[in-house]
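Q: Here you go, one structure.
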Amino acid sequence: MSEANKNVSRRGFLKFAGAAGIGSVIGSKVFADSNEPNGQKEQPAQPLELPKRKLGKTGVEISCLALGVAFNAVDNQIILRKAVDWGVTTWDSSPMYENGNSELGIGKFFEKNPDARKKLFLMTKASGAKNVEDVEKHLQASMERMKTDHIDLYFGIHGLSNPAQLNDEMKKWVEKAKERKVIKYFGFSTHTNVADCLMGASKLEWIDAVMPIYNFRVMQAPKLIDAAQACYDAGIGIIAMKTQAQKVESDSDKKLMEHFSAKGFTEGQAKLKFVLDDKRITAACVGRGDMAHLKQNVAAVLDKTELTQLDKEVFKNYAAQTCSAYCAGCANICGSVAAGVPVSDVMRYLMYYNSFGDTQTARQLFAEIPQQTRDKMLTADYAAAESRCPQRLPIARLMNQAVRTLA
């Protein structure tokens, strides 16, 4: 980290970034903009450098805060510019985000600012791929959209639910893709059966990194703790997603906010710090195209304050008190007794809809469920699934809600 940036504090950054409000931040251009008059460019400011961590056995160091480009980056270039300006140089995308406008927006940014590509650690996913042929096609299409000749970390399986998918055919594709230098590293993302997927990955030397759901809620599960440790011991980088978990409007939620507000943190900043307090985590991927949240996240990472044991207990107690409102993604439990309904996936779509306000993605994913399965969601017997659910979720009611809101 440069001498100019190594002592930047949370409050110092906020003072710098918000001296005259968000408007002035947006008006402070760091990179070229095609709309600038007469083609003139402002001199770039000295960018900040966020703390970096090694990505497992790769040895590569990346910013511990990653930008989730799950927004229309074509029309929101300022977020990308400020991310680089503020040291958020790890970016994650997917061809499914905003109907491709995430990757297209990154490509637009690289076209205007070709030197920026060298500063970034770029990740994307083979969303919807069914086999290695699909993975190859998705990779080529992603590189074309993002105007790049390689992907730094390619999640060739987006949403792994069964470690058996990590087969020899995929391994051979990975080896050839690396030889062709179209990807540097390979891994997968996982929303369901996360512990089993991570444990399976820990036994495979060709998996470089994983992107699991990882937040203050799921971090309480002993099985996931053991799986994360196994990955860490195997030198597999762990990039946490869904770090903010799901808010629950309750007295417990209010107490959580009051506790961290008294310490000068927003609820989101506290959740981010809780995840990054786990040194097995290489980076936390957050952000959905909101300048205020990007600024808050950067400030939280710059802050040197460590969470106390009391702070951690507050999170643990909150997780226990509100567990019945959060799906932990253990599809191996409910999936086998819910009449073929992908309960865990539907729960995730509801989270996108209710907590993230991402109605488009939620409905798009729900529509991909076969019509025959959707037809029986209202009449299926969920009693066995509810009795086995460790989170005590009212599955029948939530599946009914999904049909009414997402169909």
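The values are calculated or read from the model by the stated rules, or taken from the named source; none is laboratory data. Since the structure is predicted, the reported quantities are computational estimates derived from the model, not experimental observations. Note that each Cβ is placed from the backbone with ideal geometry, even for glycine, and that neighbours are counted across all protein chains shown.
Q: Taking the condition acidic (Asp, Glu), within 23 Å of PRO95 (Cβ to Cβ) and surrounded by fewer than 15 Cβ atoms within 10 Å (Cβ to Cβ), does GLU306 pass?
A: no
Q: I would also like to ask the following. Quick one: in region 191-215, of everything that is free of Cβ contacts under 8 Å to residues at least 40 places away in the same chain and within 13 Å of the chain's Cα centre (by Cα), which residue is surrounded by the fewest Cβ atoms within 10 Å (Cβ to Cβ)?
A: So the residue we want is PRO212.
Q: Among the numbered criteria (1) in contact with a helix residue (DSSP H, G or I) (Cβ under 8 Å, 6 or more places away or on another chain); (2) part of a helix (DSSP H, G or I), which one does LEU393 miss?
A: Result: LEU393 passes all but (2).
Q: Assess whether THR190 counts as being in contact with a helix residue (DSSP H, G or I) (Cβ under 9 Å, 6 or more places away or on another chain), closer than 28 Å to TYR353 by Cα, modelled with pLDDT of 95 or more and in the same structural domain as GLU144 (by TED's automatic domain parsing).
A: Judged against the criteria, THR190 is a match.
Q: OK, next. Restrict the check to region 203-214 and report whether at least one residue is in contact with a Ser or Thr (Cβ under 7 Å, 6 or more places away or on another chain), assigned to a helix (DSSP H, G or I) and either not assigned by TED's automatic domain parsing to the domain that holds TYR353 or not β-branched (Val, Ile, Thr) (or both).
A: no
Q: Has region 107-121 got at least one residue that is in contact with a strand residue (DSSP E or B) (Cβ under 9 Å, 6 or more places away or on another chain), surrounded by 24 or more Cβ atoms within 10 Å (Cβ to Cβ), at negative phi and of a type outside the set (Gly, Ala, Ser)?
A: no
Q: Oh, and also: Restrict the check to region 338-346 and report whether at least one residue is at positive phi and either of a type outside the set (Phe, Trp, Tyr) or buried (at least 18 other Cβ atoms within 10 Å of the Cβ) (or both).
A: Yes, there is a match, as at least one residue in region 338-346 is at positive phi and either of a type outside the set (Phe, Trp, Tyr) or buried (at least 18 other Cβ atoms within 10 Å of the Cβ) (or both).
Q: To continue, here is another question. Tell me, which helices (runs of 4 or more DSSP H) wholly within region 252-338 include 3 or more residues that are over 23 Å from ILE239 (Cβ atoms) and in contact with a helix residue (DSSP H, G or I) (Cβ under 6 Å, 6 or more places away or on another chain)?
A: It comes to 309-321.
Q: Filter region 309-321 down to residues that are surrounded by 10 or more Cβ atoms within 10 Å (Cβ to Cβ) and aliphatic (A, V, I, L, M) and give me whichever is nearest to the chain's Cα centre (by Cα).
A: Once the filter is applied, the top-ranked residue is ALA319.
Q: Which one is nearest to TYR232 (Cα to Cα), of the residues in region 48-68 that are in a loop (DSSP other than H, G, I, E, B) and touching a residue at least 40 places away in the same chain (Cβ under 8 Å)? Quick ask: steps written out before the conclusion?
A: Restricting attention to region 48-68, the residues satisfying the condition of being in a loop (DSSP other than H, G, I, E, B) are 48-51, 55, 59-60, 64.
Narrowing further to those that are touching a residue at least 40 places away in the same chain (Cβ under 8 Å): 48-51, 55, 60, 64.
Details: LEU48: 28, GLU49: 25, LEU50: 22, PRO51: 19, LEU55: 10, VAL60: 15, CYS64: 16 Å.
Among those residues, the one meeting the criterion is LEU55.
Q: Something else: Is there a residue in region 169-177 that is at pLDDT below 95 and buried (at least 21 other Cβ atoms within 10 Å of the Cβ)?
A: no
Q: Continuing with this model, one more query. Cβ-Cβ distance below 7 Å, separation of 6 or more or different chains: which pairs start in region 277-300 with a residue that is at negative phi and in contact (Cβ under 8 Å) with a residue 12 or more places away in the chain and end on one that is assigned to a helix (DSSP H, G or I) and among the aromatic types (Phe, Trp, Tyr)?
A: The qualifying pairs are ARG280/TYR232; VAL298/PHE13; ALA299/PHE13.
Q: With (1) free of Cβ contacts under 8 Å to residues at least 60 places away in the same chain; (2) within 23 Å of SER94 (Cβ to Cβ); (3) surrounded by 17 or more Cβ atoms within 10 Å (Cβ to Cβ); (4) touching an Asp or Glu at 6+ places or on another chain (Cβ under 9 Å) as the list, and LYS181 as the residue in question, which single condition is left unmet?
A: Looking at each condition in turn, LYS181 falls short on (3).
Q: Still on this model: Return a yes/no flag: does region 58-81 have any residue that is at pLDDT 95 or above, closer than 24 Å to ILE207 by Cα, surrounded by fewer than 17 Cβ atoms within 10 Å (Cβ to Cβ) and not polar (S, T, N, Q).
A: yes
Q: Could you tell me whether SER202 is over 30 Å from LYS172 (Cβ atoms) and hydroxyl-bearing (Ser, Thr, Tyr)?
A: When the stated conditions are applied, SER202 does not pass them.
Q: Within region 357-375, can one find any residue that is surrounded by 15 or more Cβ atoms within 10 Å (Cβ to Cβ), modelled with pLDDT of 80 or more and outside any helix (DSSP H, G or I)?
A: Within region 357-375 (the criterion being surrounded by 15 or more Cβ atoms within 10 Å (Cβ to Cβ), modelled with pLDDT of 80 or more and outside any helix (DSSP H, G or I)), the answer is yes, since at least one residue qualifies.
Q: From (1) surrounded by fewer than 23 Cβ atoms within 10 Å (Cβ to Cβ); (2) over 17 Å from the mean Cα position of the chain (by Cα), pick out the condition that doesn't hold for PHE265.
A: In the conditions (1) surrounded by fewer than 23 Cβ atoms within 10 Å (Cβ to Cβ); (2) over 17 Å from the mean Cα position of the chain (by Cα), PHE265 misses (1) alone.
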